[in-house]
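Derivation of every value follows stated rules applied to the coordinates shown; laboratory data play no part. Note that the coordinates shown come from a computational prediction; the quantities given were computed from them, not determined experimentally. In this analysis, Cβ positions are derived from the backbone assuming ideal geometry, glycine residues included, and neighbour counts consider all displayed protein chains.
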Amino acid sequence: MTTAPLVHAFFDTATNTVSYVVQDPQGRACAIIDSVLDFDYASGRTDTASADEIIAFIRENDLDVHWLLETHVHADHLSAAPYLQEALGGKIGIGHEITVVQDTFGKVFNEGTEFQRDGSQFDQLFGEGDSFHIGQMRGDVLHTPGHTPACLTYVIGDAAFVGDTLFMPDFGTARCDFPGGSAAMLYDSIQKILSLPDETRIFVGHDYKAPGRDEFAWETTVAAQKEGNVHIGDGAAKIDFVKLREARDATLAMPKLIIPSLQVNMRAGNMPEPDEDGKTFLKVPVNGL
């Protein structure tokens, strides 16, 4: 029998991000997926309210954090993984193609040689077919690039955490116009997810409440995606999906927090090193994105 993990969702309204605590139903072990560090761009100030909500939940339920998992280097919110790790423990994991992302954006942000592009800021780099454990639960790793080169899907029991690769069926799929993105690659990655059993629960990384829907949502199934996803459902052909995705991407503005998010998240949620006076700065590449 496939394990059904206990999944607790935390929705951040400022960035439409869903973070998850995934718990072994037979014990105290858990993982935190795609955490959020609050950031006000206008003032340059961070806040830990979203992360503190997760910390409170973990402590109230006496859970033991084994993993702090990132589905990819997010462009729309900052990760709170180091803050959570300091408070709760656990290892920070991401896809091994993070090195490609670090190399790409290390150049965009003109990072010096002191910025390591080998993924060493993370505790674990996962590749296709790797596995890990959360207590007695096994997690399996699918490499699902397209949105970014380093995107992963974590399959934990009967649940798949897909990050930005898929949204709710009525909203569609991830954009593919960031450096290293590919609509054709995304199509292939989605087919990999849709090859999971129909009853597999899919947990998405964001929800934007598609027109006509009153409530935010983040849980669906493989069967529902196959049947009703507005971009990829009902057996959409690859050539048609790529045409639709690329046309849609051409109309999209950059995410509001892409500049700080990329610089922080490619460092596993850490800020750039402070200067000699102890002050921390983020760069804005003019016409760089």
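Remarks
- Potential lengthening of the chain between Lys192 and Asp40 amounts to 51.1 nm, from the contour at 0.36 nm per residue minus the alpha-carbon distance.
- Amide H within-cut-off set for Ser35, under 5 Å, with H built and near neighbours excluded: Ala80
- Value of D in µm² per second that Stokes-Einstein yields for the chain, Kirkwood Rh from Cα pairs, at 10 °C (1.306 mPa s): 83 µm²/s
- Considering only the chain, percent of DSSP beta bridges that pair antiparallel, nearest 5: 70 percent
- With helices as the sole contributors, the chain gives -7000 deg cm²/dmol at 222 nm; each DSSP H run of n ≥ 4 counts as -39500 (n - 2.57), and the sum is divided by every residue.
- Relative contact order of segment 7-255, taken over Cα pairs closer than 8 Å and 6 or more residues apart, is 15 percent.
- Of all DSSP beta bridges confined to segment 17-91, the antiparallel ones make up roughly 55%.
- For segment 231-273 versus segment 107-180, the gap between their alpha-carbon centres in whole angstrom: 13 Å
- Taking other C-beta atoms within 10 angstrom as a stand-in for reagent exposure, Met271, Met168, Met254 fall in the order Met254, Met271, Met168, fewest first.
- In terms of its C-alpha gyration tensor, segment 1-160 has an oblate overall shape, because the principal axis ratio a/c (a ≥ b ≥ c, square roots of the eigenvalues) is not below 1.5 and a/b does not outweigh b/c.
- Inter-label distance, Glu60 to Thr13: 1.8 nm, where each label sits 7 Å from its Cα along the C-beta direction.
- Note, ³J(HN,Hα) from phi for segment 59-73, Karplus 6.51, -1.76, 1.60, rounded to Hz, x at Gly and Pro: 6, 5, 9, 6, 8, 10, 7, 9, 9, 10, 9, 10, 6, 5, 7
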